[in-house]
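The values are calculated or read from the model by the stated rules, or taken from the named source; none is laboratory data. Keep in mind that what you see is a predicted model, and the values were worked out from it rather than measured. Reconstructed Cβ throughout: ideal geometry from the backbone, glycine too, with neighbour counts over all protein chains shown. Please note that ligands, DNA and RNA were not included when accessible areas were found on the heavy atoms of the full protein model with its side chains. Shrake-Rupley method; radii C 1.70, N 1.55, O 1.52, S 1.80 Å.
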Amino acid sequence: MIKITLPDGAVREYPEGTNSMEIAKSISEGLARKVIAANVNGEIWDATRPIRNDASVNLLTWNDAGGKSTFWHSTAHLMAEAVESIFPGVKFWVGPAIENGFYYDMDLGGRQISEEDLRNLEAKMTELAARQNKYIRKEVPKAEAIHFFQEKGDEYKLDLLQNLKDGEITFYTQGGFTDLCRGPHIPDTGIIKALKLTNIAGAYWKGNEKNKQLTRIYGVSFPSKKELDEYLLMLEEAKKRDHRKLGKEMGIYTMDDEVGQGLILWMPNGTIIIEELEKLAKETEQAAGYQRVVTPHIAKESLYLTSGHLPYYQESMYPPMELDGTKYYLKAMNCPHHHKIFAAEPRSYKDLPLRLAEYGTCYRFEQSGELFGLMRVRCLHMNDAHIYCSKEDFAKEFRAVNEMYLKYFRIFGIDKYVMRLSLHDPSKLGVKYVNEPELWLETEAMVRKVLKDTNTPFVEVLDEAAFYGPKIDVQIWSAIGREFTLATNQVDFAQGRRFKLEFTNSENGHDTPLIIHRAPLGTHERFIGFLLEHYAGKFPLWLAPLQVKLLPISDKYVGYAQSVLESLKNADIRASIDDRSEKIGRKIRDTELARVPFMLIIGEKEMNDHQVSVRRQGKGDIGVQDVETFVRDIKSEIKLRS
RNA sequence: GCCGUUGUAGCUCAGUGGUAGAGCACUUCCUUGGUAAGGAAGAGGUCAAGAGUUCAAUUCUCUUCAACGGCUCCA
């Protein structure tokens with residue numbers, strides 16, 4: 001007998017060689033039906049794998065992350081089985097579970113696969129699943145495994161085998177399909193009740209674009225039809241919140257083939273949001289001791305040779321234009337221009353920290369396949385600033401920048417974010433990173449210390465730094481689950497020297513300033529894309545392109561509505577009148593759907609009493625107010641940016 | 001850049017080898033109303049662009065462009 005410890009601390013005895021499924025059955029049949037896998041001593045195991053020694057066991061069901069991923073991984077095997085039966089001779093690479101489902105990479109030998117094939121595969125998978133084939137685990141000696149895949153002619157699996165040691169190789173078989181796999185898997189295919197193959201994509205072998213491109217099929221599966229339907233419904237809902245859809249619907253931005261890919265045309269409504277964001281940034285930066293500058297969109301090649309950007313980033317810059325033998329580049333970053341402003345005057349330690357801010361327009365020649373709505377574009381407006389400071393001031397300045405981030409996050413209600421400390425990879429010094437090993441370690445330690453001192457939660461990642469120094473990237477998630485880097489806060493110990501930037505220190509010597517690059521609001525493009533999804537288009541009052549819509553009950557009250565409109569406009573409130581000869585119900589509906597924060601209904605009573613009947617978007621009728629009271633209240637709400 | 005899919009009215013989408021339709025939106029008229037859709041009429045499309053096959057192409061083929069889903073990349 002062996003002792004099994006359950007999550008609640010209970011210890012039960014079972015015969016040696018029992019398995020998690022047996023354990024579940026001993027607790028209840030209902031539980032046994034739901035068990036997908038089990039966490040045995042911290043490792044996820046098949047529910048049917050024999051347990052030989054005392055162990056702590058946590059049974060996993062669909063509701064556990066480990067259960068879900070096992071379920072999806074097993075569905076990937078089921079898909080492979082279906083693929084193999086329909087396309088004999090296919091070779092497989094890997095088929096993991098991912099955040100929402102699974103995929104399998106395969107070499108179809110040059111064969112193309114269509115949407116129709118996916119439907120056929122789904123049907124085949126459903127058929128195979130219904131057979132309730134067991135997933136059978138088998139430990140295989142390396143020589144035998146190699147022989148198996150040599151017979152099959154699958155060089156991808158042979159490649160995988162190279163890195164595996166004899167004695168740790170396992171095969172899993174379900175129905176007629178055997179795969180090299182460390183597992184774990186669900187007990188049998190019967191519990192896969194609903195599935196959908198979602199899309200086909202090319203994926204480079206081992207993620208390297210120099211390698212052959214394999215065919216990747218994505219899918220998702222569920223233990224019931226109901227859950228699949230819910231998932232599909234969720235996707236529909238997410239679509240409605242997509243910034244590309246909302247941006248068009250709300251007249252925020254447009255794009256045009258003739259202007260060019262990835263080049264955003266900001267429409268009047270989008271421009272209002274841009275101006276409000278800039279107002280916020282300017283106020284905040286002014287209070288924090290920044291000074292504003294304005295710099296050109298282009299510069300000579302030599303500027304980027306000095307900065308060191310050219311060799312690292314030329315491919316991401318628009319090709320140069322040549323005038324009288326001199327090459328000019330559209331700027332992809334603002335820092336070199338700002339450095340030249342620093343260099344334009346002699347600087348004393350008394351001038352530092354010098355903080356230069358600009359909503360700079362940058363152009364980046366992103367690969368065409370990378371462009372994505374507002375999130376990834378070729379012309380962007382960055383909430384940029386560079387702080388030139390001494391080493392002594394660094395911690396204080398870096399900390400102040402972090403606090404600015406947090407201030408913005410509060411304003412926009414961003415509570416899901418991760419600060420990612422991006423470090424250099426020492427093996428790439430001189431290639432991807434400036435070859436200053438000691439400065440790297442020193443600045444990385446400085447940044448880490450600030451994060452620790454301020455109790456800022458962060459993760460560290462290797463090989464993600466800028467070429468000139470470590471950085472903090474802020475990862476955020478939009479309301480529909482899109483993750484991206486919003487903002488970045490970087491330390492730069494390299495460009496100061498490259499530009500020979502200097503200040504006179506208190507001992508009358510010369511020092512090179514450290515530079516902090518920071519962009520808390522990222523770019524207008526990405527940030528507004530984020531905000532659209534974050535708010536589902538229902539912007540808070542201060543950002544809403546149209547803040548108030550006046551809805552006269554009939555034509556008779558348009559005159560009075562116009563006088564109210566005057567009062568609102570005099571108070572700098574963005575308002576307009578719906579003077580269509582429509583019924584009030586219709587006007588309310590249209591205004592609600594247009595996501596206007598306030599509606600003022602104006603009829604006989606309001607006109608006589610110099611009042612307005614106020615309706616708040618999403619909340620409905622909130623009563624009658626004097627015009628002056630309404631203006632005062634709304635003004636204060638706008639000012640608070642709440 | 002690579003793999004795959006898609007491209008018909010402002011939007012969402014039907015449809016056909018014989019030069020096109022619906023709903024919503026839009027315009028005009030009627031209606032003048034009290035908190036989420038009043039009625040009627042009208043206008044609107046080189047069917048992404050170019051080439052080929054054909055008596056005839058929006059439809060079939062090819063190329064280009066763009067968008068979308070991924071991969072790779074992302075200062």
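Looking at A:LEU546, A:LEU568, which one is in contact (Cβ under 8 Å) with a residue 60 or more places away in the chain, assigned to a loop (DSSP other than H, G, I, E, B) and not small (Gly, Ala, Ser)? Full working, then the answer.
Numbers: A:LEU568 fails: assigned to a loop (DSSP other than H, G, I, E, B).
The conditions single out A:LEU546.
Looking at the range A:1-60, what strands (runs of 3 or more DSSP E) fall wholly within it and have at least 2 residues that are closer than 18 Å to A:PRO184 by Cβ and not β-branched (Val, Ile, Thr)?
Numbers: elements: A:2-5, A:11-14, A:37-40, A:43-46, A:55-60.
Output list reads A:37-40, A:43-46, A:55-60.
So for the range A:167-179 (the condition being modelled with pLDDT under 85 and either over 20 Å from A:ALA47 (Cβ atoms) or of a type in the set (S, T, N, Q) (or both)), does at least one residue qualify? Before the answer, list the steps.
Let us first name the residues in the range A:167-179 that are modelled with pLDDT under 85, namely A:167-168.
Narrowing the set further to residues that are either over 20 Å from A:ALA47 (Cβ atoms) or of a type in the set (S, T, N, Q) (or both) leaves A:167-168.
Taking every residue of the range A:167-179 in turn, at least one turns out to be modelled with pLDDT under 85 and either over 20 Å from A:ALA47 (Cβ atoms) or of a type in the set (S, T, N, Q) (or both).
Between a residue in the range A:390-408 that is open to solvent by 50 Å² or more (accessible area, probe 1.4 Å) and any residue that is among the hydroxyl-bearing types (Ser, Thr, Tyr) and modelled with pLDDT of 90 or more, which pairs come within a Cβ distance under 8 Å, given they are 6 or more apart or on different chains?
A:LYS407/A:THR284
Restricting the range A:589-642 to residues that are among the aliphatic types (A, V, I, L, M) and either open to solvent by 30 Å² or more (accessible area, probe 1.4 Å) or in contact with a Cys (Cβ under 6 Å, 6 or more places away or on another chain) (or both), which is nearest to A:TYR557 (Cα to Cα)?
At the first step, the residues of the range A:589-642 found to be among the aliphatic types (A, V, I, L, M) are A:593-594, A:596, A:599-602, A:607, A:612, A:614, A:622, A:624, A:627, A:631, A:634, A:638, A:640.
From what is left, the residues that are either open to solvent by 30 Å² or more (accessible area, probe 1.4 Å) or in contact with a Cys (Cβ under 6 Å, 6 or more places away or on another chain) (or both) are A:593-594, A:607, A:622, A:624, A:638, A:640.
On the way: A:LEU593: 23, A:ALA594: 22, A:MET607: 7, A:ILE622: 21, A:VAL624: 16, A:ILE638: 27, A:LEU640: 32 Å.
Among those residues, the one meeting the criterion is A:MET607.
This table checks each residue for (1) part of a loop (DSSP other than H, G, I, E, B); (2) open to solvent by 40 Å² or more (accessible area, probe 1.4 Å); (3) within 16 Å of RNA strand B (Cβ to nearest atom).
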site: A:ARG119; (1), (2), (3): no, yes, yes
site: A:ALA129; (1), (2), (3): no, no, no
site: A:PHE171; (1), (2), (3): no, no, no
site: A:GLY190; (1), (2), (3): no, no, no
site: A:ASN199; (1), (2), (3): no, yes, yes
site: A:LEU214; (1), (2), (3): no, no, yes
site: A:ILE217; (1), (2), (3): no, no, yes
site: A:SER221; (1), (2), (3): no, no, no
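Hey, among A:LYS226, A:LYS245, A:LYS165, which residue is within 16 Å of RNA strand B (Cβ to nearest atom) and outside any strand (DSSP E or B)? Quick ask: steps written out before the conclusion?
Values: A:LYS226 fails: within 16 Å of RNA strand B (Cβ to nearest atom); A:LYS165 fails: within 16 Å of RNA strand B (Cβ to nearest atom).
When all the criteria are applied, what remains is A:LYS245.
Tell me, yes or no, whether the range A:450-460 has at least one residue that is within 11 Å of RNA strand B (Cβ to nearest atom), surrounded by 14 or more Cβ atoms within 10 Å (Cβ to Cβ) and hydrophobic (A, V, I, L, M, F, W, C).
For the range A:450-460, residues within 11 Å of RNA strand B (Cβ to nearest atom), surrounded by 14 or more Cβ atoms within 10 Å (Cβ to Cβ) and hydrophobic (A, V, I, L, M, F, W, C): absent.
Show the residue pairs that are 6+ apart or on different chains and have beta-carbon atoms under 6 Å apart, the first residue being within the range A:307-324 and on the phi > 0 side of the Ramachandran plot, the second being more than 10 Å from RNA strand B (Cβ to nearest atom).
Pairs that qualify, where the first residue is on the phi > 0 side of the Ramachandran plot and the partner is more than 10 Å from RNA strand B (Cβ to nearest atom), are A:GLY308/A:ARG498.
Output the number of residues of the range A:498-515 satisfying the condition of being open to solvent by 70 Å² or more (accessible area, probe 1.4 Å) and over 16 Å from A:GLU345 (Cβ atoms). So that I can check it myself, show each step before the final result.
At the first step, the residues of the range A:498-515 found to be open to solvent by 70 Å² or more (accessible area, probe 1.4 Å) are A:498, A:500, A:502, A:506-508, A:510.
Next, from what is left, pick out any that are over 16 Å from A:GLU345 (Cβ atoms): A:498, A:506-508.
Of the residues in that region, 4 qualify.
Among the residues of the range A:495-532, count how many are within 14 Å of RNA strand B (Cβ to nearest atom) and touching an Asp or Glu at 6+ places or on another chain (Cβ under 7 Å).
So the count comes out to 4.
Pairs under 7 Å by beta carbon, first residue more than 8 Å from RNA strand B (Cβ to nearest atom) in the range A:587-602, partner among the hydroxyl-bearing types (Ser, Thr, Tyr), six or more apart or different chains?
Cβ pairs passing all conditions: A:LEU600/A:SER613.
Identify all residues within the range A:181-214 that are hydrophobic (A, V, I, L, M, F, W, C) and closer than 22 Å to A:GLU122 by Cα; write none if there are none.
Keep residues of the range A:181-214 that are hydrophobic (A, V, I, L, M, F, W, C), which gives A:181, A:186, A:191-192, A:194-195, A:197, A:200-201, A:203, A:205, A:214.
Once the filter is applied, which keeps residues that are hydrophobic (A, V, I, L, M, F, W, C) and closer than 22 Å to A:GLU122 by Cα, the range A:181-214 yields A:ILE186, A:ILE191, A:ILE192, A:ALA194, A:LEU195, A:LEU197, A:ILE200, A:ALA201, A:ALA203, A:LEU214.
Within the set of pairs 6 or more residues apart or between chains, which connect a residue that is among the basic types (Lys, Arg) inside the range A:213-228 to a residue that is within 16 Å of RNA strand B (Cβ to nearest atom) and assigned to a strand (DSSP E or B) with Cβ atoms less than 8 Å apart?
A:ARG216/A:TYR103; A:ARG216/A:TYR104; A:ARG216/A:ASP105; A:ARG216/A:MET106; A:ARG216/A:ILE200; A:ARG216/A:ALA201; A:ARG216/A:GLY202; A:ARG216/A:ALA203
Would you mind listing the strands (runs of 3 or more DSSP E) fully within the range A:409-527 where at least 2 residues are in contact with a Gly (Cβ under 8 Å, 6 or more places away or on another chain) and within 23 Å of A:ARG355 (Cβ to Cβ)?
Output list reads A:483-492, A:514-519.
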